[in-house]
Amino acid sequence: MFEKSYNPDFLEALQVTIESKKPLKKPINRKKTPLIRLRGVNTVYEGEKFPTLYDINLEINEGEFIFIMGPNGSGKTTLLETILGLLPVEKGILEVKGVSAIKKGRQLRREIGYLIQGVEFDPQTPFLVKNALMTARSGRMGLLRFPSKADWKIVRYCFDALRNKEEIADYWDRPIGKLSGGMQQKVLLASVLAAEPNILLLDEPFSNLDVKSRHEIFAMLSRLNKLANVTVLCVSHGTTVPKEVDRVIMIQKGRIVLDNKTEEAIKSEKFKAYCHFMVDVE
Ligand SMILES: Nc1ncnc2c1ncn2[C@@H]1O[C@H](COP(=O)(O)OP(=O)(O)OP(=O)(O)O)[C@@H](O)[C@H]1O
Ligand SMILES: [Mg+2]
């Protein structure tokens, strides 16, 4: 059905969202294949004396759906960029799919969908939504292949999966700088999906989004996770843990202070202390 797809399961999971259908397939029966492994990792930004992340030990299996929480400045973005092999690692082991993310970062990054935190577009940018999405897909296609009709169809599919049915206009053909903040965020998320990645690293995906959109997008991510075995790491400074996630990791001052299955994590003292503190502030 989806010619030129890198992962037909991925597009079928989106189809369930777009057409509000029941899934045809049963959730994939997961094997515990190790995907991301950090052992004793310290990340030190260039020019800094001390590490921003200390002694990170983390094993993530294929098909996990993980929520990474912690206060501002605790090191959440730094953790994602460390996994992507973008930052200097002082010591330790850092592997994605069994290969060193320090040595092979560029190759690995082609397979990982990374939503960067807080991207803002210049209101004057003439770049159209559809072209932004295709540019994101082209990163995976390589320079020598031009987008085909099938590629355009897939990109449109990713866009539709993010659109709220009540949104007034179809903004596929509009300049990206003229969209509202929430619409821009949806286009950014759609552009991450456009390359059909098997691993999603999402940094504050819900900024600017209304409550309904948050729920719908989380349900969509959950379908990608369950039906297409996409591994999802979702970072947020918020304290509301979506019901769909399997595991919660909390970072404070550059260290992992909590890492457990969701139902255990939310009962822990660490979690309660953090959420209580945040609720008081809100
Ligand atoms: N390029 C950089 N050079 C030096 N220090 C940096 C750099 N980027 C981030 N830091 C520092 O690393 C620490 C962790 O920052 P990080 O962006 O990972 O936090 P975060 O948990 O993602 O916060 P937020 O919730 O605000 O996004 C902060 O003290 C920050 O100042
Ligand atoms: Mg951050």
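The values are calculated or read from the model by the stated rules, or taken from the named source; none is laboratory data. For clarity, every value in this text was computed on a predicted model and none was experimentally measured. FYI the Cβ positions are ideal-geometry reconstructions off the backbone, even for glycines, and counts take in every protein chain you see.
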Inset, instruction - Starting from region 234-246, take each residue that is more than 15 Å from residue 66 (Cβ to Cβ) and touching a residue at least 40 places away in the same chain (Cβ under 8 Å) and list its partners that are of a type in the set (D, E, K, R) and away from ligand 2 (no atom under 16 Å from the Cβ), counting only C-beta distances under 9 angstrom and pairs at least six apart or across chains. - result: 239/282
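Among the residues of region 78-136, which ones are on the phi > 0 side of the Ramachandran plot and within 16 Å of ligand 2 (Cβ to nearest atom)?
The answer is 118, and nothing else.
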Inset, instruction - Consider residue 200 carefully, then state whether it is more than 16 Å from ligand 1 (Cβ to nearest atom) and modelled with pLDDT of 95 or more. - result: yes
Inset, instruction - Test each condition in (1) of a type outside the set (Val, Ile, Thr); (2) surrounded by 14 or more Cβ atoms within 10 Å (Cβ to Cβ); (3) within 16 Å of ligand 2 (Cβ to nearest atom) for residue 35 and report the one that comes out false. - result: (3)
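Within the bounds of region 48-68, is there any residue that is more than 24 Å from residue 259 (Cβ to Cβ), loosely packed, with under 14 Cβ neighbours inside 10 Å and out of contact with any Phe, Trp or Tyr (no Cβ under 7 Å at 6 or more places or on another chain)?
There is at least one residue in region 48-68 that is more than 24 Å from residue 259 (Cβ to Cβ), loosely packed, with under 14 Cβ neighbours inside 10 Å and out of contact with any Phe, Trp or Tyr (no Cβ under 7 Å at 6 or more places or on another chain).
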Legend entry - Meets criteria (within 16 Å of ligand 1 (Cβ to nearest atom) and surrounded by fewer than 17 Cβ atoms within 10 Å (Cβ to Cβ)) for residue 254: no
Inset, instruction - For residues that are among the small types (Gly, Ala, Ser) and part of a loop (DSSP other than H, G, I, E, B), tally how many sit in region 227-272. - result: 3
Legend entry - Of all residues making up region 108-128, the number that are more than 16 Å from ligand 1 (Cβ to nearest atom) and in contact with a strand residue (DSSP E or B) (Cβ under 8 Å, 6 or more places away or on another chain): 8
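Listed here are the residues, each with its yes/no results for (1) at pLDDT 90 or above; (2) touching a His at 6+ places or on another chain (Cβ under 8 Å); (3) basic (Lys, Arg).
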{"residue": "64", "(1), (2), (3)": "yes, no, no"}
{"residue": "68", "(1), (2), (3)": "yes, no, no"}
{"residue": "71", "(1), (2), (3)": "yes, yes, no"}
{"residue": "77", "(1), (2), (3)": "yes, no, no"}
{"residue": "87", "(1), (2), (3)": "yes, no, no"}
{"residue": "125", "(1), (2), (3)": "yes, no, no"}
{"residue": "134", "(1), (2), (3)": "yes, no, no"}
{"residue": "149", "(1), (2), (3)": "yes, no, yes"}
{"residue": "153", "(1), (2), (3)": "yes, no, yes"}
Inset, instruction - Please work out if residue 139 is outside any loop (DSSP other than H, G, I, E, B) and over 30 Å from residue 97 (Cα atoms). - result: no
Legend entry - Out of 140, 145, sole residue that is surrounded by fewer than 15 Cβ atoms within 10 Å (Cβ to Cβ) and over 11 Å from residue 190 (Cβ atoms): 145
Legend entry - Single residue of 238, 254, 181 found to be touching a strand residue (DSSP E or B) at 6+ places or on another chain (Cβ under 6 Å) and of a type in the set (Gly, Ala, Ser): 254
